[in-house]
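Reviewing the structure listed below.
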Amino acid sequence: MTRLATEEEIEALLKRYRIPHVNEVCAKDLPRLLNASRKLPTPWVLKIISRDATHKTDKGLVKLNIHNENELKKAFATIQKKAKGIRIEGYVIQEQKNGVEFIVGGKVDPVFGNVLVFGLGGLFVELIKERSLRILPIDEKEVRTMLRETKASAFFTGYRNQWVSEDALAAFVMKAAHMLYHEERIMELDFNPVIAREREILVADARIVWND
Amino acid sequence: MTPELAAVMKALTQPKSIAVVGASRDPRSVGHGVLKGLVHGCVFESGSCIPYNGIVYAVNPKAKDVLGKKCFGSLKDIPGSVESIVVAIPAKFVPQIMEEAAIKKVKVAIIVSAGFAELGVEGKKLQEEVVKKAKAGGIRVLGPNVLGLLVPPNNFNASFALTTPEPGNIAFISQSGALADSVVDWALQARYGFSFLASLGNTADLDESDFLEYGLDDRKTKAIAMYLEGVKNGKKFLKTAKKVSQTKPIIVLKGGKTERGGQAIASHTGSLAGSYAVYQAAFRQAGVFSAESVEDLFDLAKALASQPRTQGKNVAIITNGGGVGVLTADYCAEAGLNVVPLKQKTLEKLEKSGKMHAAYSHNNPLDLVGDALPDRYEAAVNTLLSEPYIHSMIVVQTLQTMTDSQKDAEVVVKAHQTYPNKPVVCVFMGGKYSAPGVATLRKHDIPDYNDPLKAVKVLKVLSSII
């Protein structure tokens, strides 16, 4: 049987493998969200937690650029309207980070086993399809070759004023590879987007399918 | 190879004795074709048809003799020992044959018969029964559902391929028997030679990795071309291919590029990492080259079997036609090859040879001008290959009235012998009148293509740009 990992499970897993995540708080309702928001620097991102929703942005279930409580209330109302027919299990409020968006993912291939994917991420990931793949296990040298294979490598020397540290990204991808290789329960993994700015590499959205 | 596998491969590729089970009298039947392949060397004459010099037995309870061979009613009736068998009878009788073969202490069986796992559940059951009986009898199996096995250097053709290609240095391992059969015919015309051709069929026992191991140890094989649709044991393939590719280049054409439609892909990763993409990653990690088409597969195999590899990216282009030189330079740049500017001292050497036309290009591509005779090619090719900063070469020849294609080819062959560590690829454009030169190049294993794009594509691989 496969099932989606819960937010709590993902949080625990990322912690165990020291994979950094954007600051966020989960809450069940609006009052608790408002309360939680006080601990987070603005601007914020509001998302719903639901096992029904893969492409949350497409469905209007992610709101960006929220600067204060009033805007948060408004965003909350809009999301609720859009989420008709979708089971809402809760909400996440995140500190909004800007940077280059990558995807780091993995899956179990029936022939070759664990496969790691790295590429340009974000909203247009499937349109751009700029990615490279490796069969695990791999060493850091191979991870670096993998990173340089895609156009994402332009950011390692700077592109349009955005620079991403190759060392930091390689270390991040190595951790993800390590996790994927050692956690046999993971069937599918999506870190998308991973937001990178200089040496800071953070998971902004994670989705994991367990094989239980 | 492990000693066990080496013994199996020896029994497969040069058995002391081989029996064709199902040696039919009907010339249109598969069994008849297989027997003819062994007894005559091929079904249709190719110029490379030499009878196999091991003992060949025919098994057919309904006939007295076929193709001059006495027929035995069953394997058990054969007086001597039988090392290998080719099975070409209806699928349902194959388990019985395995039992008889076990009693006869047969080492290997090439099961040509179709009607097994490729047909579904019932066929799969039958296949499992065959494998079980073979295993119990200590018999290794190639197939079922194969074209067979051809080893031209051993004059061994245990297949129903229409003919036998020339012996050569390319191995071809194919999951499609029909493709292998067509490649044999095409290779005759293109004058490709093969060290062996193995059709894998349902890989119930021996698989692609086993033949890669054989290719690694086989002295005749210089490059291994493969057509694959899928492997069963990915880890084994990855490990074997990684090992083999360090010594002998492997080129794979992968069938099944497009994903099966209708399957909803839930994750982003799923949509980025389809089965074909995963195979490409595996090939890359194993040091295996990927071909895009059948022609590409053998273009690359030919070049990798005959030419040295280099880490250098500096290519020299020599041409007697400006246009083709420009095209070649464009393709090189796109491929990541460096059309290196010629140094002053190189130009001086060219001048000093006294063979250059006053209007020669003084640059790379080195345009020798249309009236270039072999002596001008000779001066240019040797001067440039002698320069340490030039790592590889493309020699273009367009046809003018005075062009001597034959002699130009000889110039290239000789220069390659003088500088064996630098890859040389030719583009002798034309057809009828360039044929003598093209034949000479082929005879001496200099890759030649009628289109500069192809030449650049293989040079890219030879220059370790993947």
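The values are calculated or read from the model by the stated rules, or taken from the named source; none is laboratory data. Small disclaimer: the values here were computed from a predicted structure and weren't measured. Here Cβ is always computed from backbone atoms with ideal geometry, including for glycine, and neighbour counts include all displayed protein chains.
The set of residues from the stretch B:281-317 being surrounded by fewer than 17 Cβ atoms within 10 Å (Cβ to Cβ) and either in a helix (DSSP H, G or I) or of a type in the set (V, I, T) (or both) comprises B:V294, B:E295.
Going by the structure shown, is B:Y276 among the aromatic types (F, W, Y) and closer than 24 Å to B:K414 by Cβ? It is false that B:Y276 is among the aromatic types (F, W, Y) and closer than 24 Å to B:K414 by Cβ. Is it the case that B:R376 is surrounded by fewer than 21 Cβ atoms within 10 Å (Cβ to Cβ) and in a helix (DSSP H, G or I)? So B:R376 fails the test.
Considering only the stretch B:439-455, state which residues are in a helix (DSSP H, G or I) and over 20 Å from the mean Cα position of the chain (by Cα).
Applying the first criterion (in a helix (DSSP H, G or I)) to the stretch B:439-455 yields B:439-443, B:452-455.
The answer is B:T440, B:P452, B:L453.
Among the criteria (1) more than 10 Å from chain B (Cβ to nearest Cβ); (2) farther than 21 Å from A:V62 by Cα, the one A:L116 does not fulfil is (1).
Could you list, in sequence order, all residues of the stretch B:158-171 that are assigned to a strand (DSSP E or B) and either touching a Phe, Trp or Tyr at 6+ places or on another chain (Cβ under 6 Å) or of a type in the set (S, T, Y) (or both)?
Of the stretch B:158-171, the ones assigned to a strand (DSSP E or B) are B:158-159, B:166-171.
Matches in the stretch B:158-171: B:S159, B:G168, B:I170, B:A171.
The set of residues in the stretch A:119-144 being within 9 Å of another protein chain (Cβ to nearest Cβ), surrounded by 14 or more Cβ atoms within 10 Å (Cβ to Cβ) and out of contact with any Ser or Thr (no Cβ under 7 Å at 6 or more places or on another chain) consists of A:G121, A:V125, A:L133, A:R134, A:I135, A:I138, A:E142. A Cβ distance below 6 Å, combined with a sequence gap of six or more or placement on separate chains, defines the contacts here; from the stretch B:341-359, residues that are hydroxyl-bearing (S, T, Y) reach residues that are surrounded by 11 or more Cβ atoms within 10 Å (Cβ to Cβ) and not in a loop (DSSP other than H, G, I, E, B) in the pairs B:S353/B:A379.
Does B:P15 fit the bill of being out of contact with any strand residue (DSSP E or B) (no Cβ under 6 Å at 6 or more places or on another chain) and either in a loop (DSSP other than H, G, I, E, B) or assigned by TED's automatic domain parsing to the domain that holds B:K124 (or both)? Against the criterion (out of contact with any strand residue (DSSP E or B) (no Cβ under 6 Å at 6 or more places or on another chain) and either in a loop (DSSP other than H, G, I, E, B) or assigned by TED's automatic domain parsing to the domain that holds B:K124 (or both)), B:P15 does not qualify.
Results for (1) among the basic types (K, R); (2) more than 25 Å from B:L150 (Cβ to Cβ); (3) part of a strand (DSSP E or B); (4) touching a residue at least 12 places away in the same chain (Cβ under 8 Å), shown as yes or no for each residue.
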residue: B:I50; (1), (2), (3), (4): no, no, no, yes
residue: B:P79; (1), (2), (3), (4): no, yes, no, no
residue: B:K92; (1), (2), (3), (4): yes, yes, no, yes
residue: B:A101; (1), (2), (3), (4): no, no, no, yes
residue: B:A109; (1), (2), (3), (4): no, no, yes, yes
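Any idea which residue in the stretch A:162-212 is farthest from the other protein chains (Cβ to nearest Cβ), counting only those that are part of a loop (DSSP other than H, G, I, E, B) and either surrounded by 20 or more Cβ atoms within 10 Å (Cβ to Cβ) or aliphatic (A, V, I, L, M) (or both)? Spell out the reasoning first.
Going through the stretch A:162-212, the residues part of a loop (DSSP other than H, G, I, E, B) turn out to be A:163, A:165, A:183-185, A:199, A:204-205, A:212.
Checking which are either surrounded by 20 or more Cβ atoms within 10 Å (Cβ to Cβ) or aliphatic (A, V, I, L, M) (or both) leaves us with A:204-205.
Values: A:A204: 13, A:D205: 10 Å.
Looking at the filtered set, the residue picked out is A:A204.
For the stretch B:97-121, give me each residue that is of a type outside the set (A, V, I, L, M) and exposed (fewer than 13 other Cβ atoms within 10 Å of the Cβ).
To start, the set of residues in the stretch B:97-121 that are of a type outside the set (A, V, I, L, M) comprises B:99-100, B:104-105, B:107, B:113, B:115-116, B:118, B:120.
Residues satisfying the conditions are B:K105, B:G120.
Any residue in the stretch B:28-47 that's in the same structural domain as B:K69 (by TED's automatic domain parsing): show its pairings with residues that are basic (K, R) at Cβ separation under 7 Å, as long as the two are six or more apart or on different chains. Pairs that qualify, where the first residue is in the same structural domain as B:K69 (by TED's automatic domain parsing) and the partner is basic (K, R), are B:H32/B:R25; B:L35/B:K69; B:V39/B:K69; B:V43/B:K36.
From the list B:L179, B:L228, the one residue that fits, being within 22 Å of A:V111 (Cβ to Cβ), touching a Lys or Arg at 6+ places or on another chain (Cβ under 8 Å) and either of a type outside the set (G, A, S) or modelled with pLDDT of 95 or more (or both), is B:L228. Scanning the stretch B:10-30 for residues that are closer than 17 Å to B:I85 by Cα and either in contact with a Lys or Arg (Cβ under 9 Å, 6 or more places away or on another chain) or of a type in the set (K, R) (or both) turns up B:K10, B:A11, B:L12, B:P15, B:K16, B:A19, B:V20, B:A23, B:S24.
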